[in-house]
Structures are given as C-alpha cells and as structure tokens.
Amino acid sequence: MDIRALNAAQNYTGARPATQADPDHAGMAQGLRSTFQDFAATLKQSEAISQTAMTGQADPHALVQALAQTELAVETAVVVRNKVVEAYQEILRMPV
C-alpha cells in the first residue's frame, strides 16, 4: 500500500466536516456585534468630547484626537460596506 494514500485517508477522516459548527469559534454574528458596538462607542465618545470642547472644558488636542478616531471609524465602515455590496453584486452575477 502506498504511504501517501494512507496519510491522505487518515487526514481525511480526521478533518472536521465543513457543515459542523466549530465549538471554539464564537461565531460571525458575535464578532460583528462587537465590531458594531465598538463603532458606536467610538462615535459616542467623540460626541461627548466634542460637546465638552464646545463649552471650553476639554483640551483641544483631545478634540482633534477624537475627531481623527471618528473619521477613521467612519472610513473603515464605508470600506466594509463597499466590500459587502461588491460581494453581493458578484453573487448576483453568478450563473444559476
């Protein structure tokens, strides 16, 4: 018997089927939920710093930093949205 065929058979039987859930993985929904919560927290924090800066109680450097973080978060969200739309359009173009 060929040793390569034996190794292939052992690796095949040891592999987890693609249809079974991975118990160690929290799931894509949980990952997306935490990402959206981080995005919302960044926006809320930036808004709070902006409001305190308008009343003169915040450091101008903190305001600039908060605005930069918000800009980065929004740009990231737009890029992710564009990639999702692009992937959806690719799926629609697939022949049935």
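Brief remarks follow.
- Alpha carbon Rg of segment 27-93, scaled by the compact-globule rule 2.2 N^0.38 Å: 1.47
- For segment 64-70, putting each phi into the Karplus relation 6.51 cos²θ - 1.76 cosθ + 1.60 with θ = phi - 60° gives couplings of 4, 5, 5, 5, 5, 5, 5 Hz, in residue order, rounded to whole numbers and with x for Gly and Pro.
- Evaluated with a Cβ-only charge set (Lys, Arg +1; Asp, Glu -1), segment 27-93 carries a dipole of roughly 240 debye about its Cα centre, given to the nearest 20.
- Sorting 35-41, 86-92 by average packing, meaning the other beta carbons within 10 Å per residue, from highest down gives 35-41, 86-92.
Every read-out reported here was derived from the displayed coordinates using simple, explicitly stated rules and does not represent laboratory data. Every value quoted in this text rests on a predicted model; they were computed, and no experiment measured them. Reconstructed Cβ throughout: ideal geometry from the backbone, glycine too, with neighbour counts over all protein chains shown.
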